[in-house]
Amino acid sequence: MARITAGVASSHVPLLGVASDFNKDRDDYFGPIFAGYDWTREWEKAEKPDVVILVYNDHASAFDMKIIPTFAIGCGERYKSADEGWGPRAVPDVEGHPDLAWHMAQSLILDEFDMTIINEMDVDHGLTVPLSMMFGKPDAWPCKVVPLAVNVVTYPPPSGNRCWALGEAVRKAVESFPEDLNVQIWGTGGMSHQLQGPRAGLINKEWDNRFLDGLVGDSDHLRRIPHIEYLRETGSEGIEMVMWLVMRGALGKNTRALHRHYHVPCSNTAIGHMVLRPDNGEGLDMTGSDVTAIAAE
């Protein structure tokens, strides 16, 4: 059967795509940010995932105020990079996995998640920047991708509890797929940031790092953080972190951390990145000195 072997969390700041595309990823400003992903790039070469379920949010590229799906799953064969106002990124097309995606759609809907099914769409920086951060600049992405879009742009977004539960249902769907696939699930967005208003530029390092701590181990307290706490403590765009909870929910009751990276600032955003493994009880607790960690300011 297919199996979810790892979870990856990462910010998807569009400026990181610019840095990658224009070869600025090792300059004085961006170098410390990208250095935090070097471990993951080597790890991904060894892991060789067949499919990534990539949880992200669209930024008015495929969806706008005419249609706002709470949860949408891409079931298409291929997705092009969206033009976000300055031309599409010069990155490879994203190859989908329609068989797995349709299987997931059926399983999730029968589990009472009202998924919107998308067969044609372009994907913006929310999806392509994480691919660049984890895989660099290949001629083709090394795995297939099932896009899973979450509305965190227009109120009301789904609760953290609902996102965690969706992750649990995703795991059930993947494990009932008969093909032998190595599947990863990535949660993207965040961390603390606000792009407008009197609090523009808000970053809350302490809160962000407590959130990272909460992704590891057997606690599920993160699923009960209310919307108002995200807004108060992490800014108007910090709500993107509920997408990380889809990833965490899909990893089962217990996790261990393999890698952790936190950096401020990137533009006006806090960068967070983590690699998690489902823990069946036989692994080490890697919340301490065994986890590779890079923190920079």
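The values are calculated or read from the model by the stated rules, or taken from the named source; none is laboratory data. These figures come from a predicted structure and were not determined experimentally. Glycine also receives a Cβ, built like all others from the backbone with ideal geometry; neighbour counts cover every protein chain displayed. The area values use the complete protein model at the heavy-atom level, side chains included, leaving out ligands, DNA and RNA. Shrake-Rupley method; radii C 1.70, N 1.55, O 1.52, S 1.80 Å.
Phe30 falls short on exactly one of the conditions (1) over 18 Å from the mean Cα position of the chain (by Cα); (2) at pLDDT 95 or above; (3) over 18 Å from Lys137 (Cβ atoms), and that condition is (3). Set side by side, the residues Gly160, Gly189, Gly136 differ, and just one is over 22 Å from Ile68 (Cα atoms) and open to solvent by less than 20 Å² (accessible area, probe 1.4 Å), which is Gly136.
Give the residues of the stretch 75-87 that are open to solvent by 20 Å² or more (accessible area, probe 1.4 Å), within 22 Å of Thr154 (Cα to Cα) and in contact (Cβ under 8 Å) with a residue 40 or more places away in the chain, sorted by residue number.
Glu84
Considering the conditions (1) in contact (Cβ under 8 Å) with a residue 40 or more places away in the chain; (2) assigned to a loop (DSSP other than H, G, I, E, B), Val8 is excluded by exactly one of them, (2).
If you check Ala72, Ala60, Ala90 for being within 19 Å of the chain's Cα centre (by Cα), open to solvent by 50 Å² or more (accessible area, probe 1.4 Å) and either under 18 Å from His125 (Cβ atoms) or not hydrophobic (A, V, I, L, M, F, W, C) (or both), only one passes: Ala60. Flag not set for Asp139, criterion: of a type outside the set (Val, Ile, Thr), free of Cβ contacts under 8 Å to residues at least 40 places away in the same chain and in a loop (DSSP other than H, G, I, E, B). Scanning the stretch 11-29 for residues that are in a loop (DSSP other than H, G, I, E, B) and touching a residue at least 40 places away in the same chain (Cβ under 8 Å), we see that the one that is farthest from Arg248 (Cα to Cα) is Val13. Residue check: Val170 meets all listed conditions (1) surrounded by 24 or more Cβ atoms within 10 Å (Cβ to Cβ); (2) in contact with a Phe, Trp or Tyr (Cβ under 8 Å, 6 or more places away or on another chain) but one, namely (2). Within the stretch 33-56, the residues that satisfy the criterion of being over 23 Å from Ala149 (Cα atoms), of a type outside the set (A, V, I, L, M) and open to solvent by 50 Å² or more (accessible area, probe 1.4 Å) are Asp38, Trp39, Glu42, Lys45, Lys48.
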